[in-house]
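Below is one structure, written out as structure tokens; comments come after it.
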Amino acid sequence: MEKRFVDDFLVIDNIQLNENSFLVRMFAPKPLPEIKAGQFVNAEIKDCREIFLRRPFSVFDIDYSNNYLSIIVKILGRGSNQLARVIKGDTISLIYPLGRSFTYPSEHEKILFIGGGSGVAPMLFLAKDCGLPRDNVDLIIGARTFEDHINVNDYNGYGKFHFTTDDGTYGFEGLVTEHPLMKKNLSSFDKIYACGPLSMMKAVAAEAVKKDIFCEVSLENSMACGFGVCLCCIEPTKRGNLCVCTEGPVFNIKDLKW
Amino acid sequence: MVDLRVKIHKLDLKNPVMLASGTCGFAEEINSFFDISKVGGVFLKGTTLNNREGNNYPRMAETASGMLNAVGLQNKGVDYFIDYIYPRIKNYNTPLIVNVNGSTVDEYIKVTEKVDQLEHIPAIELNISCPNVKEGGMAFGISPKGAKTVTREVRRAYSKTLIVKLSPNVTDITEIAKVVEGEGADSVSLINTFLGMSVNAETRKPRLSTITGGLSGPAIKPLALRMVWQVAGAVKIPVIGIGGIMNAEDAIEFLIAGASAIQTGTALFKNPVVPLEIIDGIKDYLLRHNLKSVSELTGSLHL
């Protein structure tokens, strides 16, 4: 079994991305192991007594030269609300690296990312990390309204971005699954990756099944430990109930009972 | 140097800090953080005769200072354990103890007999206290009659160290402890989780698929400590203390109250290296208090 760690990370900065999302960059106390897109950390603010359990976050970025690890914290409840408020100099304890990564695309493949909400984090990490030329990568990012989108300008070199909003205030008006790229061009892709709200991922999965295209999704079941001992985050699959934390969080949709 | 060694019947432990069943998988998961041979012992994930898928999601709800779980003994069954898991873990240099479960006395016996064949499993923990299964489990542990029957039958089938894990969901835990001692248990471990419940006020739905589940964590520590103290005063066999132990100080409190050893459980979810911190903390405490051996602490409560 791969080595895992529990260490105190120092918060370098915390940048607000939109009303509810924060980019938290942390310095690791020792050289970071290799971490791939889709893997996650289980985080808690050091000595925070109000929140009992840790909270899992997909890794958003790794900077091996500076030993930085970044996550995007989207406020969903009490735990994420606490973590979103950290400031430079605070200490966050992380259990890492956890879970299985996405299956990286092979050379020359054309890939499509579909992300929404906090699901954008592992998508952007994979777009940057997969090494494909910009032309081979399309990303559809969905949100309710313009204000819910985060600025992805730094990622323009890694893929072609397409935005949707429910209210039409930015990009295509409608759901990500209604975007023309999904409706007309889906068959031109070799691999589809989706991460975001469950209803969105299920809708994407249904399209991928129809067209028989490889599709992986990243699940966000609530969990306690993050490393496969509490058995709380299970997802029913064709191989039985599996822990999302160790057998996932990335699953091929063929394994799921959706 | 201080002596951390503890004896639980025929089990020689290098220290009193063990890992609780259902919180440390099959030892490999914790071994991915540190060398598992450093702990006093590992109580493996609850095992039944046949494969069990466990309860539906959601199985977990965070609470004030703790959590509720409703896992429901998900495991692949004892034969899978013997064929696929045991060969991978059998050479860890620490006692590995199988947590034995069943819905009937016959199932408890069958699992016990299979585990008895395994050279590197020196003891079993008879789980008569799981609150999350429809049949068996806690049903045996909350009546003196049930506890008596299953302990007697398993004792007949098993000559290695037999530890019985007790439920706190009873009026008088000492009554159950005395009954299992009378039937030949070599040790009792306590406590399993308290039956609890959580409701989402916004949706008016229970937060667990099973409505009720087992409460663990620091929230239950004072209750566990009280029960350990009561049971230690009522039986002669060694008591293993469990319940919300998050650090060395908590562990020492249990030893003083009468436990010979302890298990840390839910704390592992927050801090998987906590057993090492507890072992070091106990060492420091013994040095600070001029004690030579951890066994001097057991039952040393000043009244």
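Quick one: grab the alpha carbon gyration tensor of chain B, order the square roots of its eigenvalues as a ≥ b ≥ c, and give me rounded if a/c is under 1.5, else prolate or oblate depending on whether a/b is larger than b/c.
Rounded is the answer for chain B, as its axis ratio a/c remains below 1.5.
Among the aspartates and glutamates, which fall within straight-line cross-link reach of B:K14, defined as a Cα-Cα distance under 18 Å, with same-chain neighbours fewer than 8 residues apart omitted?
List returned: B:D3, B:D35, B:E277, B:D280, B:D284, B:E296.
Which lysines have a Cα less than 26 Å from the Cα of A:K46, not counting those fewer than 8 places away in the same chain?
Counting by Cα, and skipping residues close in sequence, A:K46 has these lysines nearby: A:K3, A:K30, A:K36, A:K74, A:K88, B:K38, B:K221, B:K270, B:K283.
So which trypsin sites (Lys or Arg not before Pro) in the stretch A:107-155 end up in coil per DSSP with only 10 or fewer other C-beta atoms within 10 Å?
Filter output for the stretch A:107-155: empty list.
Could you work out the Kirkwood radius for the stretch B:36-124, taking every pair of different alpha carbons, averaging 1/r and inverting it, reported in Å?
14.3
Can you give the accessible area buried between chains A and B, summed over both chains, with a 1.4 Å probe, in Å² to the nearest 100?
2600
Antiparallel DSSP bridges in chain B: what percent, to the nearest 5?
Among the beta bridges of chain B, antiparallel pairing accounts for roughly 40 percent.
Which one of B:N192, B:I124, A:V137 has its Cα pushed farthest toward the positive end of the charge dipole of the protein assembly as shown, where Lys and Arg give +1 and Asp and Glu give -1 at the Cβ?
Towards the positive end, the residue furthest out is B:I124.
Counting only heavy atoms of the protein chains, get the accessible area per residue of chain B (1.4 Å probe) and round it to a whole Å² value.
40
Which value, in nm² and rounded to one decimal, describes the direction-averaged projected area of the C-alpha convex hull of the stretch A:111-218?
Computing the convex hull of the Cα atoms and averaging its projections yields 5.9 nm².
Mind jotting down the three principal axis lengths of the protein assembly as shown based on Cα atoms? Whole angstrom, largest first.
74, 50, 45
Compute, for chain B, the length of the dipole vector about the Cα centre, with Cβ point charges of +1 (Lys, Arg) and -1 (Asp, Glu) only. Units Debye, rounded to 20.
Here the size comes out at about 280 debye.
If Lys and Arg each add +1 and Asp and Glu each add -1, what is the summed charge of the other residues whose beta carbon sits under 13 Å from the beta carbon of B:I252?
Neighbour charge sum, excluding B:I252 itself: -4.
Over all directions, the average projected area of the alpha-carbon convex hull for chain A comes to how many nm²?
13.3
Using Cα atoms only, what is the angle between the long axis of helix A:120-129 and the major principal axis of chain A, expressed in degrees (0 to 90) to the nearest 10?
Rounded to the nearest ten degrees, it is 80.
So what is the orientation-averaged projected area of the stretch B:154-303, using the convex hull of its C-alpha atoms, in nm²?
11.5
Go ahead and estimate [θ] at 222 nm for the protein assembly as shown from helices alone: -39,500 (n - 2.57) per DSSP H run with n ≥ 4, summed, over the residue count, rounded to 500.
-6500 deg cm²/dmol
What is the Cα radius of gyration of the stretch A:5-98 over 2.2 N^0.38 Å, N being its residue count?
Scaled against compact globular proteins, the figure is 0.97.
Rank B:Y57, B:Y84, A:Y193 by accessible area, highest first, at a 1.4 Å probe radius?
Heavy-atom accessible area, descending, gives B:Y84, B:Y57, A:Y193.
Just to be sure I understand: of the beta bridges DSSP finds with both ends in chain A, what percent are antiparallel, rounded to 5?
60
Measure out, as a whole number of angstrom, how far apart the alpha-carbon centroids of the stretch B:230-303 and the stretch A:7-36 sit.
36
Short version: what are the Cα gyration tensor semi-axes of the stretch B:79-189, square root of 5 times each eigenvalue, largest first, in whole Å?
Result for the stretch B:79-189: semi-axes of 24, 14, 12 Å.
Work from the charge dipole of the stretch A:67-144 (Cβ charges, +1 for Lys and Arg, -1 for Asp and Glu, about the Cα centre) and give the residue of A:I75, A:Y96, A:L126 farthest towards its positive end.
Working it through, the farthest residue towards the positive pole turns out to be A:I75.
The values are calculated or read from the model by the stated rules, or taken from the named source; none is laboratory data. Owing to the predicted nature of the structure, the values given are computational and were not obtained by experimental measurement. In this analysis, Cβ positions are derived from the backbone assuming ideal geometry, glycine residues included, and neighbour counts consider all displayed protein chains. Side chains are part of the model used for accessible areas, which takes the heavy atoms of the whole protein and leaves out ligands, DNA and RNA. Shrake-Rupley method; radii C 1.70, N 1.55, O 1.52, S 1.80 Å.
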